[in-house]
1. Which numbered condition in (1) surrounded by 17 or more Cβ atoms within 10 Å (Cβ to Cβ); (2) within 24 Å of K20 (Cα to Cα); (3) not acidic (D, E) is the only one that C67 fails?
2. Among the listed residues K91, K80, which satisfies the condition of being in a helix (DSSP H, G or I), charged (D, E, K, R) and under 16 Å from the mean Cα position of the chain (by Cα)?
3. Is it the case that segment 44-55 has a residue that's under 11 Å from the mean Cα position of the chain (by Cα), outside any strand (DSSP E or B), surrounded by 17 or more Cβ atoms within 10 Å (Cβ to Cβ) and of a type outside the set (S, T, Y)?
4. Scan segment 85-96 residue by residue and report those that are farther than 17 Å from Y40 by Cα and surrounded by fewer than 17 Cβ atoms within 10 Å (Cβ to Cβ).
5. Looking at (1) modelled with pLDDT under 90; (2) not in a helix (DSSP H, G or I), can you tell me which one E13 breaks?
Amino acid sequence: MNEAAHDNKNTAEMEIPNLKEKIVQAIKGVYDPEIPVDVYELGLIYEINVYPINNVYILMTLTSPSCPSAEVIPGEVEQKVKAIEGINDVKVEITFDPPYSQDMMSEAAKLELGFL
């Protein structure tokens, strides 16, 4: 590998944590309409993967399979992440395995909702 290619590879690897942070920040802008806490802090995001070239895969759940916002929340997550500069494509997949529980909430979410 020539030196220029090696430098490019290191730059790309260094950008992924930054990109992942931007993705998390974007997701934190999505709220369950019934709960005043963002979906990230609620623990609804199970996985965020960034693949070449800036293709993003997000595995998430909802508070329940019958959640009235089931159609809205994943679309909003996808829109917010797609809006990040440099993102190529976004795939949001919904799973109910493992099922959501309040234990998945961050301390901040539990505090906000009065569970602590």
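The values are calculated or read from the model by the stated rules, or taken from the named source; none is laboratory data. Every value quoted in this text rests on a predicted model; they were computed, and no experiment measured them. Backbone-built Cβ (ideal geometry, glycine too); neighbour counts: all protein chains shown.
1. (2)
2. K80
3. Yes, the conditions are met somewhere in segment 44-55.
4. E85, G86, N88, D89
5. (2)
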